[in-house]
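S.K.: The following block contains the structure, expressed as structure tokens.
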Amino acid sequence: EASQSLRGKHVLISAGPTQEALDPVRYITNHSSGKQGYAIARAALACGADVTLVTGPTKLADIQGVTMIKVTSACDMFEAMKSQYDWADYVIMAAAVSDYRPEVVFDQKMKNKDENITFRFVKNPDILEYLGAHKTHQIICGFAMETENLDQNARHKLETKNCDMLIANNLFTKGAGFNTETNVVTLLTRKENIHLPKLTKEELGYKILEVLQNLEKEQKHV
Ligand code: PMT
């Protein structure tokens, strides 16, 4: 049962993978389906928020009532997130952003004439880190996809990216991570680690929004 607890609030969410082009027919990507980010957007909408969803390429249907901004690469996603940042009250980066992109994008399809080929990759902007460094009033939440030392690596990301909350999921936990209907996560705030049981991605969406609202209240009253 959704309350209207987010009425008047702007929630900015990213979802899905990014695609980094090699040439006009090939790209590098990852296994994100967009399900987690879209589920958070549905939860925020049901709580009465104005919701903008910046999404990489996914197979999911648009959400009626949510402003959809479709992007392809990490650089596109960076521009879209910056353009929406000023008015956002809550920002949730659920997207799986490619850390690197090919240094050169060929204009024509590459020929298969060489036995071996080598690519050089350059670093993409870290969108969450940028947003954390340029925070004015926003409450910021990132995700961390880990395969080992979950709590430790996630706490490091919380601090270096100046987030208010980080949600850690482990690729190797059953029912967690890419393309599942459920997720198993730890919510890390500045004060504590909250281990959650297996939840649907939408149930987790409501939980995240509830904790973010509590963090905002605490920040205002301290
Ligand atoms: O889409 P689904 O199939 O439902 O799967 C959900 C999910 C596994 C993709 C999601 O739960 C998740 O964990 N998303 C973040 C995955 C990730 O890229 O983790 P990371 O540890 O590499 O990045 C940490 C944080 O920094 C993330 O919030 C990420 O969005 C952000 N980031 C990363 C790199 C970059 N260049 N810019 C960023 O903003």
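S.K.: Among the numbered conditions (1) crowded, with 21+ Cβ neighbours inside 10 Å; (2) in contact (Cβ under 8 Å) with a residue 40 or more places away in the chain; (3) farther than 18 Å from Tyr38 by Cα, tell me where Asn193 comes up short.
M.R.: Every listed condition holds for Asn193 apart from (1).
S.K.: Separate question: Applying the selection to segment 61-76, what residues are more than 15 Å from the chain's Cα centre (by Cα) and either within 19 Å of Tyr27 (Cβ to Cβ) or without any contact (Cβ under 8 Å) to a residue 12 or more places away in the chain (or both)?
M.R.: Going through segment 61-76, the residues more than 15 Å from the chain's Cα centre (by Cα) turn out to be 61-67.
Within segment 61-76, Ala61, Asp62, Gln64 meet the criteria.
S.K.: Go over the candidates Leu187, Leu215, Leu209, Leu204 one by one and state the one that is in contact with a Phe, Trp or Tyr (Cβ under 9 Å, 6 or more places away or on another chain) and closer than 21 Å to Leu6 by Cα. Steps first, answer last, please.
M.R.: Numbers: Leu187 fails: in contact with a Phe, Trp or Tyr (Cβ under 9 Å, 6 or more places away or on another chain); Leu215 fails: in contact with a Phe, Trp or Tyr (Cβ under 9 Å, 6 or more places away or on another chain); Leu204 fails: in contact with a Phe, Trp or Tyr (Cβ under 9 Å, 6 or more places away or on another chain).
Unique residue meeting the criteria: Leu209.
S.K.: Moving on to the next point. Looking at segment 96-120, which of the residues that are of a type in the set (Ser, Thr, Tyr) and assigned to a loop (DSSP other than H, G, I, E, B) is surrounded by the fewest Cβ atoms within 10 Å (Cβ to Cβ)? It would help to see each step written out before you state the result.
M.R.: In the first step, residues of segment 96-120 are kept if they are of a type in the set (Ser, Thr, Tyr); the result is 98, 100, 118.
Pick out the ones that are also assigned to a loop (DSSP other than H, G, I, E, B) and you get 98, 118.
Details: Ser98: 21, Thr118: 5.
Filtering first and then ranking leaves Thr118.
S.K.: Restricting to segment 33-67, what's the tally of residues that are among the polar types (S, T, N, Q) and assigned to a helix (DSSP H, G or I)?
M.R.: To start, the set of residues in segment 33-67 that are among the polar types (S, T, N, Q) comprises 33, 36, 52, 55, 58, 64, 67.
Cutting the leftovers down to assigned to a helix (DSSP H, G or I) gives us 36.
Here the count works out to 1.
S.K.: Being surrounded by fewer than 13 Cβ atoms within 10 Å (Cβ to Cβ) and closer than 19 Å to Pro17 by Cβ narrows it down to one residue among Asn179, Asn170; which is it?
M.R.: None of the others qualify; the one that does is Asn179.
S.K.: While we're here: I'm checking my understanding of the structure. Among residues of segment 146-155 that are more than 10 Å from the ligand (Cβ to nearest atom) and under 15 Å from Thr189 (Cβ atoms), which one is surrounded by the most Cβ atoms within 10 Å (Cβ to Cβ)?
M.R.: Arg155
S.K.: Can I ask one more? Which residue is nearest to Ala94 (Cα to Cα), if the candidates are limited to segment 14-32 and must be within 16 Å of the ligand (Cβ to nearest atom) and part of a loop (DSSP other than H, G, I, E, B)?
M.R.: Taking the candidates together, the pick is Gly16.
S.K.: Being touching a strand residue (DSSP E or B) at 6+ places or on another chain (Cβ under 6 Å) and away from the ligand (no atom under 16 Å from the Cβ) is the filter; apply it to segment 33-61 and report the residue that is nearest to Arg101 (Cα to Cα).
M.R.: The extreme case among them is Val51.
Read-outs throughout are calculated quantities, based only on the coordinates presented, and are distinct from any laboratory measurement. Everything quoted here is computed from the prediction, not taken from an experiment. Here the Cβ is made from the backbone with ideal geometry for all residues, glycine too, and neighbour counts use every protein chain on show.
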